[in-house]
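Participant: Take this structure first; my questions come after.
Read-outs throughout are calculated quantities, based only on the coordinates presented, and are distinct from any laboratory measurement. No experiment lies behind these values; they were computed from the predicted model shown. So basically every Cβ, Gly included, is an ideal-geometry build from the backbone, and we count neighbours across all protein chains shown.
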Amino acid sequence: MTPPQRAIEAAAQGKPFFSPAISKILVEDYMRRLQQQGLTDSYELLTEREKETLQLVAEGKTNKEIAKILNVGVSTVETHRANVLEKLGLHSSVDIVLYAVRKKIIAAN
């Protein structure tokens, strides 16, 4: 599938899409900000469920989709997502995606 096709598919599903060039810029900026702030990686602080949630969020899944995949309630997913953000010092789903790309949990577009 070509990048324009992936962009159209992502838009149709209400998911974000970043071109490979933009993804690279975002990841490089994220890495630079981490280094400037002297932040360390807290991935090992996550529970297995939180790691699964992180991956699914990074893949663009909604809380409802994640709940169905993990066979838990939406509020449980929201709790896992909040824990991931807190433990990793992140602030948004975009930060989760950038983190997941940096950790090679998911591949950049």
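Participant: Report relative contact order for the chain in percent, whole number only (criteria: Cα-Cα under 8 Å, sequence separation at least 6). Please list the in-between numbers first.
Facilitator: Working: 79 pairs, mean separation 34.3, N = 109.
Relative CO of the chain lands at 31 percent.
Participant: Can you match P(r) over Cα pairs in 5 Å bins from 0, in percent to one of these, (1) 2, 11, 20, 18, 15, 12, 9, 7, 3, 2, 1, 0; (2) 2, 12, 21, 23, 19, 13, 8, 2; (3) 2, 9, 12, 12, 10, 8, 7, 7, 7, 7, 6, 6, 4, 2, 1, 0, based on a calculation from the structure here?
Facilitator: So the structure-derived entry is (2).
Participant: Just going by the charge dipole of the chain, with Lys and Arg at +1 and Asp and Glu at -1 on Cβ, which of L88, A107, N71 is farthest out on the positive end?
Facilitator: So the residue furthest toward the plus end is A107.
Participant: With a 10 Å cut-off between alpha carbons and a GNM built on the chain, which of R49, R32, R81 moves the most?
Facilitator: R32
Participant: Taking amide H positions as placed 1.01 Å from N in the peptide plane, with prolines and chain starts having none, which residues 5 or more places from I106, or on another chain, fall under 5 Å of its amide H?
Facilitator: V101
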